[in-house]
Structure formats: C-alpha cells, structure tokens
Amino acid sequence: MSFFETLAARIETADSVVSVGLDPDPSRLPEFVADADLPRWAFNRRIIDATHEHAACYKPNAAFYEDADGWRALRETIAYAHGKGVPVLLDAKRADIGNTTRRYAEALDDADAITVNPYLGRDSLQPFLDRADKGVFVLCRTSNPGGSDLQDLELASGEPLYERVAALGDVWNGNDNVGLVVGATAPEELAEVREIVPEIPFLVPGVGAQGGDAEAAVEHGLADRPDAAVDVGLVNSSRGIIFAGEESSRPEDEATYIGAAGEAAKRLKKRLNRHR
C-alpha cells in the first residue's frame, strides 16, 4: 500500500485526523522517566499508550533525537507506534544535493513519511519522491510568524512564492506520494492552496499551542481523493498533547500526567471531527 492508502485506512479506523507530535524536549520530561535507560523513549511509549486510539499518525521531530541515544529512542518509538497500527511521519525538513540527499532519504527505511524543504529544487527531493510507497510532505506555507519573510514574496507572475511551491508539489507528484505542509495559523492561505491542489493531502500544524484555526484546518486541510473512502490529511498538535500533564491536578503523578495527554488527544479528535 502507498502511504496515503495506509493513512486513509488509519483515519477510517481511528475516526481521527489527529497527528500527535512526539517532541520529547529533555528539559520538559517528567521526573518519572528521568531514571530510564532512554528517557525520551520511555516518555514516548507512555504517550503512545495513552493516545493511540485517537491518533491517525505520530510525528516525531528529528530535532529532539539528534544524538546517539536519541536515534535509539526514535527507532524504538517508530517500531512501537507501528505495533499499535499507527503510521509515523518524521518531521525532518530535509533536502540537499547528490549523495547527501540520498543519505537523508534513508530515514524512510524506518518512517512512513517525511517532511522536506523544497528550496533546493526538484533534484534535492528526487530520492524522497522516488520512494513511491512513502509520503513526502513539502514545506509550503508554514505556521511560524517568520514564514512570511520568504513564503509571501511576490513573483514576477504575481503569485506569492508559497503558491508556486504548491503548484510544483503537484508537478512532482508523479508517484502520488506528495503532501504539503500548510499551517492553520493562516486560514485564508490554507484555502488558497487547497484551490491550487484539490487532491493533495496537507499536514496542518499550528492548531495546538500555536492557536491555529481548527475549522479551517479540517475544511481545507483534508483532500477528497478518489482512491479513499475518507478525506485524507493530518492536523498536528505536539506540545498541546504530550505536555498537557504539566497543567494537570497532579503533574508529579505518572497516571495523572499521562492521562492528561490521552484526554488532550481525545478532545482534539472530537473538536476536529465536528468539522469533518
């Protein structure tokens, strides 16, 4: 199965489009995992146990794993998520030239999909695009405030740069494995991109701690694909789910802390499903 076929099946099974971002910032990990051999893995395992019923996908960000123990924790995390029947999208934002990008694409040996940076052009993405069974989410209009510094620049054609990236994503989609990253913090632009690429699924960040528009994320982020029984796409929350326990009544208690993450994922699923 292709990634988007797998994702569609998971969305249907879980009745959810929630992507849970697994970003185990070592400075925020709770005390009850501090003595574990791999604290990030110990934390992620508990989060997956609490949230997998509500997750269409898990999205670990590579920045939180880029050391020897981190890569071990990431591999364990991916394998455990797969054991729960949930696909994994590695948020790595990779791309380069020649041998470098071919090595970057080897991350797809473990993960089911990856985010990539399009600004070096098609050849920098080709090793990812060639993996027909894997998902490739191209950064298009990101959710951070500084995204407009480049992404909103007007081209000679009159279109903003992010719209050209969306159109290129469609051109690069020869294996039907391309998605786009389009943030929920810019709902008007989310709608504009959807008009350009009606059948490409989006990964929509920014709904959790960044306060993005959940209704727009669902209305425009999900693609009506002829090969799927459900609309396909992902709406991500990271800190708003995995660190929800920090605001719980007993953050020092493991069951209370982890239970808060499960409840946060469940609430987001219900919130998004009201608009599906």
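The values are calculated or read from the model by the stated rules, or taken from the named source; none is laboratory data. Small disclaimer: the values here were computed from a predicted structure and weren't measured. Here the Cβ positions follow ideal geometry from the backbone for every residue, glycine too, while neighbour counts run over all protein chains shown. Accessible surface is based on the protein model in full, side chains and every heavy atom, while ligands, DNA and RNA are left aside. Shrake-Rupley method; radii C 1.70, N 1.55, O 1.52, S 1.80 Å.
Is there a residue being hydrophobic (A, V, I, L, M, F, W, C), assigned to a helix (DSSP H, G or I) and free of Cβ contacts under 8 Å to residues at least 40 places away in the same chain anywhere in the range 29-36? Yes; the residues of the range 29-36 include at least one that is hydrophobic (A, V, I, L, M, F, W, C), assigned to a helix (DSSP H, G or I) and free of Cβ contacts under 8 Å to residues at least 40 places away in the same chain.
Please determine whether any residue of the range 129-146 is in contact (Cβ under 8 Å) with a residue 24 or more places away in the chain, open to solvent by 30 Å² or more (accessible area, probe 1.4 Å) and within 14 Å of the chain's Cα centre (by Cα). Scanning the range 129-146 turns up no residue that is in contact (Cβ under 8 Å) with a residue 24 or more places away in the chain, open to solvent by 30 Å² or more (accessible area, probe 1.4 Å) and within 14 Å of the chain's Cα centre (by Cα). Taken over the range 99-115, the criterion of being assigned to a loop (DSSP other than H, G, I, E, B) and open to solvent by less than 10 Å² (accessible area, probe 1.4 Å) is satisfied by A111 alone.
Confirm whether T77 is touching a residue at least 12 places away in the same chain (Cβ under 8 Å), buried (at least 19 other Cβ atoms within 10 Å of the Cβ) and either within 29 Å of E12 (Cα to Cα) or of a type in the set (K, R) (or both). Here the answer is yes, as T77 does meet what is asked.
Against the numbered list (1) surrounded by fewer than 21 Cβ atoms within 10 Å (Cβ to Cβ); (2) in contact with a strand residue (DSSP E or B) (Cβ under 9 Å, 6 or more places away or on another chain); (3) free of Cβ contacts under 8 Å to residues at least 60 places away in the same chain, S2 comes up short only at (3).
Of the residues in the range 14-21, none is of a type outside the set (A, V, I, L, M, F, W, C), touching an Asp or Glu at 6+ places or on another chain (Cβ under 9 Å) and assigned to a helix (DSSP H, G or I).
The test for being more than 23 Å from P251 (Cα to Cα) and touching a residue at least 12 places away in the same chain (Cβ under 8 Å) does not hold for D25.
Being more than 24 Å from V116 (Cβ to Cβ) and either touching a helix residue (DSSP H, G or I) at 6+ places or on another chain (Cβ under 7 Å) or open to solvent by less than 10 Å² (accessible area, probe 1.4 Å) (or both) is the filter here; which residues of the range 54-71 pass it? H54, the sole residue that qualifies. Assigned to a helix (DSSP H, G or I), of a type in the set (A, V, I, L, M), on the phi < 0 side of the Ramachandran plot and open to solvent by 20 Å² or more (accessible area, probe 1.4 Å): does that describe A264? So A264 does not fit the description; no. Looking at D67, D49, D37, just one residue is out of contact with any Phe, Trp or Tyr (no Cβ under 7 Å at 6 or more places or on another chain) and within 17 Å of Y257 (Cβ to Cβ), and that residue is D49.
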